[in-house]
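Have a look at the structure below, then the notes.
Every number here is computed from the coordinates shown, using simple stated rules; none is lab data. What you see is a predicted model; the values in this text were computed from it and never measured. We place every Cβ from the backbone using ideal geometry, glycine too, and count neighbours over all the protein chains shown.
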Amino acid sequence: MIEEAAKMLARSRFAIAFTGAGISAESGVPTFRGFNGLWRKHRPEELATPEAFRKDPHLVWSFYRWRMDLIRKARPNRAHYALAELEEMGILKAVITQNVDDLHREAGSRKVIELHGNIFRVRCTSCSYRENLKESGRLEEFLAEKDLPKCPECGSLLRPDVVWFGEPLPRKALEEAFKLAERADLVLVIGTSGVVYPAAYIPQIVKETGGKVIEVNPEESGITPIADVFLRCPAGEAMEKLME
Ligand code: BJW
Ligand code: ZN
């Protein structure tokens, strides 16, 4: 199976990767729906929605501050590095990710499309203020604060610049992702349950436009039925073998 996948990858002319929380599991970032999922106590729909934020911004912010702190200490793993290397080799044209953790960029991937935002960015709920806390150097200070974060421009409540259920995905990123998927002759799907839309359309578009689907996941997912090759193992192990 691995040999088959390696051959397909080497022969492809325009390969892309589509990643989810599972690729960062070996970096110590909990997934959403897995066994040790992030939201076993709180279901995604209870925390990652505009309604939850309106109802209990303290709960939602404490959840995001906890995750920001966990993610800033996480380092990319073998799978992230392998994707950066495949791009360097000219094989991989882009990484389309549902993750908000920045680990693809940390690993050296250049063409990264973030469909669900970035956990290190905040934005104002009233005005157009946005800030990347990693770039502004204010992350430590932000995490130490216990009160609700307020906009320095207008004083309104800040929110994480991520995409919650019922909210539209960033238009440009989604359009670009769909275009790449139409063009791709191969998609490497790594570590996603493939149940959250519209992101989950990406591998389907590749398939429908004549491309191949390689999936890496220790469990079956919503994508497995359309996978041409299914590598049933953790991302780090699969990607290391694939690179040999
Ligand atoms: C490993 C591993 C290892 C473990 N190695 N693998 C069409 C049909 C049905 C529903 C909808 C539809 N269109 C829209 C909807 C509604 C909704 C939706 O999809 N609901 C479904 C759940 C039913 N979608 C939306 O609401 C989206 N918005 C939208 O459609 O807007 C329309 C609109 C238009 C115009 C105006 C207004 C509205 C938005 C979706 C936003 C999702 N947001 C989240 C939170 C992001 C912020 C944050 O991080 O806090 O995104 S939810 C969460 O799920 C997060 C993830 O990116 C996303 C996907 O999860 P992922 O990455 O797949 O993780 P898991 O945990 O599910 O899976 C991990 C996998 O890894 C597992 O398979 C493991 O086996 C595997 N694994 N270890 C490899 N070592
Ligand atoms: Zn503001």
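Quick look at the values:
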{"quantity": "Ascending count of other beta-carbon atoms within 10 Å, so fewest first, for Phe142, Phe165", "calculated": "Phe165, Phe142"}
{"quantity": "In region 132-174, GluC sites (Glu not before Pro) in a DSSP loop with at most 16 other beta-carbon atoms within 10 Å", "calculated": "Glu145, Glu153"}
{"quantity": "Cut-off under 5 Å, modelled amide H: who pairs with Ile113 long-range", "calculated": "Val95, Ile96, Thr97"}
{"quantity": "Charge dipole (debye, nearest 20) of the chain; +1 at Cβ of Lys and Arg, -1 at Cβ of Asp and Glu", "calculated": "360"}
{"quantity": "Within the chain, longest stretch free of exposed trypsin sites (Lys or Arg not before Pro) [DSSP loop, at most 10 other beta carbons within 10 Å]", "calculated": "42-145"}
{"quantity": "Under Karplus coefficients 6.51, -1.76 and 1.60, residue-wise ³J(HN,Hα) of region 174-180 in Hz, glycine/proline x", "calculated": "5, 4, 5, 4, 5, 5, 4"}
{"quantity": "Summed residue charge, Cβ within 12 Å of Ile71's Cβ, Lys/Arg positive, Asp/Glu negative", "calculated": "+2"}
{"quantity": "Highest-fluctuation residue, Tyr201, Tyr81, Tyr129 considered, GNM on the chain with Cα pairs under 10 Å", "calculated": "Tyr129"}
{"quantity": "Förster-model FRET efficiency, 41 Å R0, Arg11 and Glu167, C-beta, rounded to 0.05", "calculated": "0.60"}
{"quantity": "Cys154-Asp185 pseudo-label distance in nm [points 7 Å out on the Cα-to-Cβ vector]", "calculated": "4.9"}
{"quantity": "Derived scalar couplings ³J(HN,Hα) [region 133-140; Karplus, 6.51 cos²θ - 1.76 cosθ + 1.60; whole Hz; x for Gly, Pro]", "calculated": "5, 5, 6, 7, x, 9, 4, 4"}
{"quantity": "FRET efficiency estimate (nearest 0.05) - Cβ-Cβ, Lys73 to Ile226, R0 25 angstrom", "calculated": "0.10"}
